[in-house]
Amino acid sequence: MAFPGQPAPCGGFYQGGYGGAPGGPAFPGQAQDPLYGYFAAVAGQDGQIDADELQRCLTQSGIAGAYKPFNLETCRLMIAMLDRDMSGTLGFNEFKELWAVVNGWKQHFVSFDNDRSGTVDRQELEKALMNMGFRLSPQAVAAITRRYSTHGKITFDDYIACCVKLRALTECFRRRDTSQQGFVNFQYDDFIQCVMSI
C-alpha cells in the first residue's frame, strides 16, 4: 500500500563541502494536503506520531520494498532528526518533511541498487555517498558498510539509518567548523552530546 497523493518532490543537496542527503525540506503546507488523512489515521487523537506509529506507517506503506517491519531504531533516528520541539514525536509538518526526505532517499537508493536486489553493497554505497557529496576514505566506507550491512548487503531501512546518522553527524560537525576547513576541536562532553543525541 502506498501513501495517498503524490510523493513530495525531492530537494537538492545540502549546501557545504561535507555532502548531504537527497530529499530536502518539505513543500509548503496546503489546506487539503493528501497526506493529512493518512497522518491523522496513524497519529490518532494526540495528533503526533511516535516511533512505534512511524514504524507501522512505513511498514504498511511498503516503501522498504518488502513487508518486513521497518527497523524501530531507524524510526527513532528519523524522529530525532526532525523533532524540532524535542517532544519525541512528529507533528504533521514534521511528518511531511520526513516523507519528502524518505522519498528522496528511496529514489537515491534505487538509483544505486544496480543489480535490483533491494540492497546496496559496499561499492554501490560508496558511489551513493560520493553522489551526495561525501568524500570519505575507503576505511570510513568500509566501517559504515560493516555497521549497516548484513553479509555485505545494506537494506533500505539500514540505508536510511546510515543517511540519518551521516546527516546529523555532518550537521553537528559543520556547526563547529566555522571556517569550513574540515577540522574542529571538541570538548569530550560536547562530543558525547553530539554523538548520543543521534
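Data for the structure
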item: Burial ranking of peptide ranges 158-166, 78-86 (average Cβ count within 10 Å, highest at the top); result: 158-166, 78-86
item: Rg(Cα)/(2.2 N^0.38 Å) for region 42-104, N = residue count; result: 1.02
item: Net lengthening on full extension, Tyr188/Asp85 (0.36 nm per residue, minus Cα-Cα); result: 34.5 nm
item: Highest average packing first - 187-193, 131-137, Cβ atoms within 10 Å; result: 131-137, 187-193
item: Length gained when the stretch Thr150-Gln180 is fully extended (0.36 nm per residue, less Cα-Cα span); result: 7.3 nm
item: Residue-by-residue Karplus 3J(HN,Hα) for region 181-187, coefficients 6.51, -1.76, 1.60, Hz, glycine and proline x; result: 9, x, 9, 9, 10, 10, 7
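Taken together, the values in this text are just the output of simple stated rules run on the coordinates, not laboratory data. A quick note: this is a predicted structure, and the numbers were derived from the prediction, not measured. Quick reminder, even Gly has a Cβ in these numbers, built from the backbone with ideal geometry, and neighbours come from all protein chains shown.
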